[in-house]
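Since the structure comes first, as structure tokens, the remarks are kept for the end.
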Amino acid sequence: MNSGQKRDAAIVGIHEYPSRDVEGRFSPLQIKAESAAMALADAGLSARDVDAIYDAGDGGGMAGLGISEYLGLKPNVIDTTMVGGSSYEFHAAHAKRAIASGKAKVALLTYGSTAHSNAFAIGVGGHGGGAGMPGPAENMERFCGMTLVSNYAMVAHRHMHEYGTTSEQLAEISVATRLHAMRNPEAVEAMRALEFMDIRETSIQDVVSSRIIADPLHLLECCMISDGGGAVVIAAPEVARDCAKPPVWVLGGGEATKYPENGGDITTSAAAQSGPLAFGEAGVSPDEIDIAMIYDSFSITVLTLLEDLGFCKKGEGGSWVEGGRLRFDRPSEGPALNTDGGGLSSNHPGMRGIFLLIEATRQLRGESCSQVEGASLAVAHGNGGMLGSRHCAGTVVLGRD
Amino acid sequence: MAEPTRPLPKAQEHDTGAFWEATKNHELRYQRCDDCEAIVFYPRRHCTSCLGSRLTWHTSKGEGTLYTYSVVRQSYHPFFRARAPYAVAWIDLDEGPRILSNIVGIEDPTKELSIGQRLRVEWEDHEELAVPLFRPI
Ligand SMILES: [Zn+2]
């Protein structure tokens, strides 16, 4: 580690809720609470130690308040940043700040979702139409039936047009994450619970011959919709030193927004702004990173984010990912991607940013199912909102002692 | 049972209502800032470049270039499900605004579209407003 790095706060406890299909038997709030208990136990801490709560409002009711009452906490710091799937990277960076300033010693982040169960209950798979007055952007856009997948697909099309990126190159991302998923028993069980047709390692040919959902994106380039949740505990150095597991330091954070602009570049995401901020604070460069936990809602999300975070130049992502470079067993070729199986093949309940922190922590502790030998630096990058229109970016750089 | 209908904008929406009002007359309008000349779109009460409030409405000639698109093969919305495959696109109007719309007037959107191609607005009339769709020129 560089001597200039500030070890203000560390991830000391993690838990990933194992079930991806709770069959409507548990609520998001219950998943949050169970995950909180498990993550605190993982850290060797108790609920009484928690003095800061980070909550994206996924439990319903007023964000931050509902979860405090439900858990019986009386936190001194209540942060309710809600930026979709990137919320948890924002939370981790904010927790580092709050702890560094002396406002808190133990921060708790929780997530719970029953997106899969809900979709079955309402029978449509998302996208309800609100009856109230739409916002101005929505009022300009909703008439044309842009689905979630087509929003991202429009980034892929433009990327292909400008840089010659191919579907085969994008498929590398799906193939690497599936390889990692097949090594993760919880991911394999998830694919079973969600009734995936074919639970096995995939080839590039498998991906590009799966059916197209929205041109040019194929089924195997799209994430699953699961239930799930998790929790992360972040603590001050004096607490972290006495915790059950070795600390995983939050070395740097960056955040940014991106939205449609007249004449703008759809192939560049908010990560181009948040990445340098996080790497800069951490005093780390992308080529030092062992583990890249990158929000994989779709293949194109990862390709775009890898470029924007500086792993390769803009437009060169397609050739950069070729040849299996992102696999966990090619550490000499650069970082391993989403070693838990990612949103594509393990867990995507809607806002999967917390799993990026969790798997990065497993890697830096040496606990991953696809462990990279000697992994010491990781980046977790969350993309919240939609890549092809408006989204937030949260980048966090993590390191072990 | 009533046919499923296209989800329509609300002409009462505070920022964009005037845009939709003008579509009745098949006018595709956008704003330009009197102070800094920035193009403002979607419409707002303020300039997104200088936050000034002196904006003037202009009418686009309705022609532009396909910036990017996707062909939706699968939608859960009853109106759109019946129309799949259909093309959703970001279009750069010649005057500067980038607008999201559908491409119509082609047999097979999976084969006949290409980024950079020229497009012209085509209005779909509804009771209280018209929706701007685009067709290859
Ligand atoms: Zn201005």
Here the residues within the range A:5-19 that are in contact with a Gly (Cβ under 6 Å, 6 or more places away or on another chain) and either crowded, with 24+ Cβ neighbours inside 10 Å or part of a loop (DSSP other than H, G, I, E, B) (or both) are A:Gln5, A:Tyr17
Restricting attention to the range A:393-401, does a residue exist that is closer than 30 Å to A:Lys32 by Cβ, modelled with pLDDT under 95 and open to solvent by 10 Å² or more (accessible area, probe 1.4 Å)?
yes
Wholly inside the range B:42-137, strands (runs of 3 or more DSSP E) that include 2 or more residues that are within 21 Å of A:Ser389 (Cα to Cα) are B:63-72, B:86-93, B:98-103, B:130-136
When restricted to A:Thr339, A:Thr267, the only residue touching a Ser or Thr at 6+ places or on another chain (Cβ under 9 Å), closer than 20 Å to A:Thr165 by Cα and open to solvent by less than 10 Å² (accessible area, probe 1.4 Å) is A:Thr267
Filtering the range B:45-74 for residues that are within 18 Å of A:Met140 (Cβ to Cβ), within 12 Å of chain A (Cβ to nearest Cβ) and within 11 Å of the ligand (Cβ to nearest atom) leaves a count of 2
Residue count, the range B:12-27, condition touching a residue at least 12 places away in the same chain (Cβ under 8 Å) and either more than 9 Å from chain A (Cβ to nearest Cβ) or hydroxyl-bearing (Ser, Thr, Tyr) (or both), comes to 8
Here the residues within the range B:75-111 that are touching an Asp or Glu at 6+ places or on another chain (Cβ under 7 Å) and at the interface with chain A (Cβ under 8 Å from one of its Cβ atoms) are B:Arg98, B:Leu100, B:Thr110
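Which of the following residues is facing another protein chain (nearest Cβ under 7 Å), surrounded by 16 or more Cβ atoms within 10 Å (Cβ to Cβ), within 13 Å of the chain's Cα centre (by Cα) and within 16 Å of the ligand (Cβ to nearest atom): B:Tyr30, B:Tyr42? Even if it seems obvious, please write down each step before you answer.
Details: B:Tyr30 fails: facing another protein chain (nearest Cβ under 7 Å).
Step by step, each of B:Tyr30, B:Tyr42 is checked, and only B:Tyr42 is facing another protein chain (nearest Cβ under 7 Å), surrounded by 16 or more Cβ atoms within 10 Å (Cβ to Cβ), within 13 Å of the chain's Cα centre (by Cα) and within 16 Å of the ligand (Cβ to nearest atom).
Taking the stated definitions as given, is A:Thr267 touching a residue at least 60 places away in the same chain (Cβ under 8 Å) and in contact with a Cys (Cβ under 8 Å, 6 or more places away or on another chain)? Talk me through it step by step, then tell me what you get.
On the way: touching a residue at least 60 places away in the same chain (Cβ under 8 Å): yes; in contact with a Cys (Cβ under 8 Å, 6 or more places away or on another chain): no.
No; evaluated as a whole, the condition is false for this residue.
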Only one of B:Asp15, B:Asp35 is open to solvent by less than 50 Å² (accessible area, probe 1.4 Å) and either farther than 27 Å from A:Leu217 by Cα or within 16 Å of the ligand (Cβ to nearest atom) (or both), namely B:Asp15
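Does A:Leu356 fit the bill of being touching a residue at least 24 places away in the same chain (Cβ under 8 Å) and buried (at least 24 other Cβ atoms within 10 Å of the Cβ)? Reasoning before the result, please.
On the way: touching a residue at least 24 places away in the same chain (Cβ under 8 Å): yes; buried (at least 24 other Cβ atoms within 10 Å of the Cβ): yes.
Here the answer is yes, as A:Leu356 does meet what is asked.
The values are calculated or read from the model by the stated rules, or taken from the named source; none is laboratory data. Keep in mind the model is a prediction, meaning the values are calculated, not measured. Because the Cβ atoms are built from the backbone with ideal geometry, glycine has one as well, and the counts that use them run over all protein chains shown. Heavy atoms of the whole protein, side chains included, go into the accessibility calculation; ligands, DNA and RNA do not. Shrake-Rupley method; radii C 1.70, N 1.55, O 1.52, S 1.80 Å.
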